[in-house]
1. Hey, what's the stretch 69-196 come to in accessible area per residue, 1.4 Å probe, Å²?
2. So what are the radius of gyration and Dmax for the Cα set of the stretch 1-80, in Å?
3. Among 1-9, 144-152, how do they line up by average Cβ neighbours within 10 Å per residue, starting with the highest?
4. Tell me which residues come under 5 Å, amide H to amide H, from A111 once H is placed; ignore anything under 5 positions away on its chain.
5. In whole percent, what relative contact order does the stretch 111-171 give with Cα contacts below 8 Å and a gap of six or more residues?
6. Could you tell me, in Å, what Rg and Dmax come out for the Cα atoms of the chain?
7. Cα centroid distance between the stretch 1-61 and the stretch 122-180, in Å?
8. Suppose every Lys and Arg Cβ carries +1 and every Asp and Glu Cβ carries -1, with no other charges. What dipole size does the chain come out with about its Cα centre, to the nearest 20 debye?
Amino acid sequence: MSVAENLAALRDRIARAGGDPGAVTVVAVTKQQRDDAVVEALAAGLFDIGENRADALAEKAQRADDPRVRWHFLGQIQRNKIGKVARYVALWQSVDRPQLGPAIARHAPGAAVLVEVNLTDDPNRGGTSLAAVPALVRDLQADGLVVRGLMAVGPHGGPDAARPGFTAVVHCADELGLPVRSLGMSDDIDVAVACGSTMVRVGTALFGARPMPRINRRDDVD
């Protein structure tokens, strides 16, 4: 199936889960996808594109050279790579510690960010604890960044295992008055939308299986 056909099926899933397909932002994740994935996404009307590695994002942004694209940085943020992609990134989705605030603000004053929440007990997974979210939001705002919402990756165990964590993230965002909840990937979109996600990050459900082997990095996008 084409990306356009897969997108139509995805929007149908969003609707059946109780969401508004016109209000839930679909971020097309081109991580390790074929070279023409960005072109295919743009042709299908998807302009929110996500990458989790700085080098790949910079390369694809330069190649696409399309002002309509809104690049989302999804992976673990390394401070020494921020300057390389700051000119392209419209939304930093994985800010999980206060030290990143000044680094992002130095290269992109007033940048839009999401605070990433870790829904597991695994310290190797990205994200901060729910309890630490309010303080981190305040720190980032003090750095001059615009905190638009929260992001989380569902834990291992299938879509139903993600429901309690997704619900807690949405509740936290509500309490803080943050409108964006970036929850849900290809496998758990339905649960995420039912819990109140306003943004989903989708790779394989749009482009199919990745043609390249997975590398041993944190499993933060799909």
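The values are calculated or read from the model by the stated rules, or taken from the named source; none is laboratory data. Keep in mind the model is a prediction, meaning the values are calculated, not measured. As a convention, Cβ positions derive from the backbone with ideal geometry for all residues, glycine included, and neighbour counts pool all protein chains shown. These area figures cover heavy atoms from the full protein model, side chains too; ligands, DNA and RNA do not enter into them. Shrake-Rupley method; radii C 1.70, N 1.55, O 1.52, S 1.80 Å.
1. Values: 5450 Å² over 128 residues.
Result: 43 Å² per residue.
2. Looking at the stretch 1-80, its Cα Rg and Dmax stand at 13.5, 42 Å.
3. Numbers: 1-9: 14.9, 144-152: 22.2.
Highest-to-lowest ranking by the protection proxy: 144-152, 1-9.
4. For A111, whose amide H was placed from the backbone, the distant partners under 5 Å are V146.
5. Working: 75 pairs, mean separation 23.6, N = 61.
Relative CO of the stretch 111-171 lands at 39 percent.
6. That works out to 16.2, 46 Å for Rg and Dmax.
7. That distance is 22 Å.
8. On the way: 26 positive and 27 negative charges, 119 e Å.
Rounded to the nearest 20 debye, it is 580 debye.
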